[in-house]
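Student: What follows is a structure written as structure tokens; I'll ask about it next.
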Amino acid sequence: QVQLVESGGGLVQAGGSLRLSCAASGRTSSFYTMGWFRQAPGKEREFVATINWSGTSTLYADSVKGRFTISRDSAKNTVYLQMNSLKPDDTAVYYCAGRDRPTLQTLVVTYQDWGQGTQVTVSS
């Protein structure tokens with residue numbers, strides 16, 4: 001059983017920055033892939049970014065490419081999402097996710113572990 005706990009959400013003005021953190025505890029495999037998803041009111045949960053177990057490979061949604069950066073500290077079992085140049089459209093609940101597979105995936109159904117989510121609100 002793996003527990004994922006997010007932190008770092010909040011309210012920020014458009015153009016500002018936030019950094020989200022997700023700490024994983026429990027039985028994670030050596031090739032545990034982690035990712036970030038988000039869900040805005042009335043919309044489906046969507047992929048944001050993912051990173052492999054070693055931090056050497058990443059994948060981003062087109063909507064955040066060049067503005068968001070995903071990274072991880074494997075020693076701390078923690079993944080981060082640095083969000084810059086935030087827009088009102090980035091407003092959503094952000095979820096951390098994990099999967100016991102080495103390949104990067106963008107589909108919600110391919111992740112078996114989920115955090116409780118953290119709210120990010122960007123004002124115009």
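Student: Determine which lysines satisfy two conditions relative to Lys43: a Cα distance under 25 Å, and not lying fewer than 8 residues away in the same chain.
Tutor: Lys65, Lys87
Student: For Val5, project a label point 7 Å along Cα to C-beta. Then give me every residue of segment 33-76 with its amide nitrogen under 20 Å of that point.
Tutor: In segment 33-76, the label zone of Val5 (backbone N under 20 Å from the point 7 Å along Cα→Cβ) covers 34-37, 72-76.
Student: Over segment 71-110, give the accessible area per residue in Å² for a 1.4 Å probe, as an integer.
Tutor: Ligands and nucleic acids excluded, the figure is 49 Å² per residue.
Student: In the chain, carbon and sulfur make up what percent of the accessible area (probe 1.4 Å)?
Tutor: That share works out to 49 percent.
Student: Within segment 1-41, report the trypsin sites (Lys or Arg not before Pro) that DSSP leaves as loop and that have at most 13 other Cβ atoms within 10 Å.
Tutor: Arg27
Student: On to the next question. Stretched out fully, how many nm does the piece from Asp89 to Ala14 gain, at 0.36 nm a residue minus the Cα gap?
Tutor: Working it through step by step, the gained length comes to 26.0 nm.
Student: For Cα pairs less than 8 Å apart in space and 6+ apart in sequence, what is the mean separation divided by the residue count of the chain, i.e. the relative contact order in percent?
Tutor: 36 percent
Student: I've got another one for you. Among Gln112, Gln39, Gln82, which one moves the most in a GNM of the chain with springs linking Cα atoms closer than 10 Å?
Tutor: Among Gln112, Gln39, Gln82, the largest GNM mean-square fluctuation belongs to Gln112.
The values are calculated or read from the model by the stated rules, or taken from the named source; none is laboratory data. Note that the coordinates shown come from a computational prediction; the quantities given were computed from them, not determined experimentally. Cβ coordinates were reconstructed from backbone atoms using ideal geometry, including for glycine residues, and neighbour counts include every protein chain displayed. Surface areas here come from the heavy atoms of the whole protein model, side chains and all, with no ligands, DNA or RNA. Shrake-Rupley method; radii C 1.70, N 1.55, O 1.52, S 1.80 Å.
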